[in-house]
Amino acid sequence: MKKIAVYPGSFDPVTFGHLDIAARAAALFDEIHIVVVHNPNKKPFFSSEQRVSLIQASFTEAARFGKAFPTSTNVIVATLDQGLLVDYCRKVGASVLIKGVRNNADLEYELPMARVNRDLAAVETIFMPADPGQGFVSSSLVKQVAELGGSVDNYVPAAVVKALKASIQQAKG
Ligand code: PNS
């Protein structure tokens, strides 16, 4: 039987930290689904379609930074705009969720969700420690730095840098 895992998140936008977790998870499973989930508590910067394209555009780039995805693994990028994550897991036959953890705050935020998902549908969550080199990077910090004119080249793939610049430029009119 295929071992399938789901790696969910807002990915607004995807960072090298996310790609590192995704690549490491891909090495452990036959198939992984990177799922761009609508989080009602966050106002998105990029649409879910843009976020999916940016993840897809980042695969080849990520290889340059040693974040290559194993070719043996099937990597699917999808969206979930409504409904429960565990229903998505059921639909695709996944029994494991992957979450990256940078610090205690992440763990505190993630633990209740992990417990609920296990309670609802026996879906287990595997926490992966963030790479120390990327441990301080978050999508919100990246957006803030980019909006204030700083360089985010070390934190996100070139496709994301380009998309951020374009959106910020467009917003300025
Ligand atoms: O990157 P984020 O925004 O911290 O990711 C949180 C996310 C989207 C994974 C979480 O909010 C989620 O799982 N939402 C789906 C709805 C759901 O299943 N909720 C109940 C269990 S947490």
**Message:** Could you derive backbone 3J(HN,Hα) for segment 43-57 from the dihedral phi with the Karplus parameters 6.51, -1.76 and 1.60 (θ = phi - 60°), listing whole Hz in sequence and x where the residue is Gly or Pro?
**Reply:** 8, x, 7, 9, 5, 5, 5, 4, 5, 4, 4, 5, 5, 4, 5
**Message:** Can you give me the long-range amide H partners of His33? Hydrogens built in the peptide plane at 1.01 Å from N, cutoff under 5 Å, separation of 5 or more residues or another chain.
**Reply:** Ala5, Val6, Tyr7, Ile76
**Item:** Whole-Å semi-axes of segment 1-70's equivalent ellipsoid (Cα gyration tensor)
**Value:** 21, 15, 9
**Item:** Two-decimal Rg/Rh across the chain, once Rg and the Kirkwood Rh are taken from alpha-carbon atoms
**Value:** 0.95
**Message:** Going Cα to Cα from Lys172, which aspartates and glutamates come in below 15 Å? Please leave out same-chain ones fewer than 8 positions away.
**Reply:** Glu147
**Complete:** For the chain, the percent of accessible surface on carbon and sulfur atoms (probe 1.4 angstrom, ligands and nucleic acids excluded) is 54
**Prompt:** What are the ³J(HN,Hα) values, in whole Hz, obtained from phi via the Karplus relation 6.51 cos²θ - 1.76 cosθ + 1.60 with θ = phi - 60°, for each residue of segment 147-157 in sequence order, with x given for Gly and Pro?
**Reply:** 5, 8, x, x, 8, 10, 4, 7, 10, 9, x
**Prompt:** Which value in deg cm²/dmol, rounded to the nearest 500, describes the helix-derived mean residue ellipticity at 222 nm for the chain, given -39,500 (n - 2.57) per DSSP H run of n ≥ 4 and division by the residue count?
**Reply:** -14000 deg cm²/dmol
**Asked** What pairs in Lys99/Lys162; Lys2/Lys42; Lys2/Lys162; Lys3/Lys143; Lys2/Lys99; Lys2/Lys165 have C-alpha atoms more than 32 Å from each other?
**Response** Lys2/Lys42; Lys2/Lys162; Lys3/Lys143; Lys2/Lys165
**Request:** Taking H placed 1.01 Å from N in the peptide plane, check which residues at least 5 places from Thr79 or on another chain put their amide H under 5 Å from its amide H.
**Result:** Val36
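On full extension of the chain, what length is gained from Asp81 through Leu111, given 0.36 nm per residue of separation minus the C-alpha to C-alpha distance?
8.6 nm
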**Message:** Could you report the chain's accessible area per residue, 1.4 Å probe, as an integer in Å²?
**Reply:** 55
**Complete:** Per DSSP loop assignment and a cutoff of at most 12 other beta carbons within 10 Å, the chain keeps its longest run without exposed trypsin sites (Lys or Arg not before Pro) at 65-173
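The values are calculated or read from the model by the stated rules, or taken from the named source; none is laboratory data. Please read these numbers as outputs of a predicted model, since none were measured by experiment. Methodologically, a virtual Cβ is constructed for each residue, glycine included, from the backbone with ideal geometry; neighbour enumeration extends over all protein chains shown. All accessible areas refer to the heavy atoms of the entire protein, side chains included, with ligands and DNA or RNA removed. Shrake-Rupley method; radii C 1.70, N 1.55, O 1.52, S 1.80 Å.
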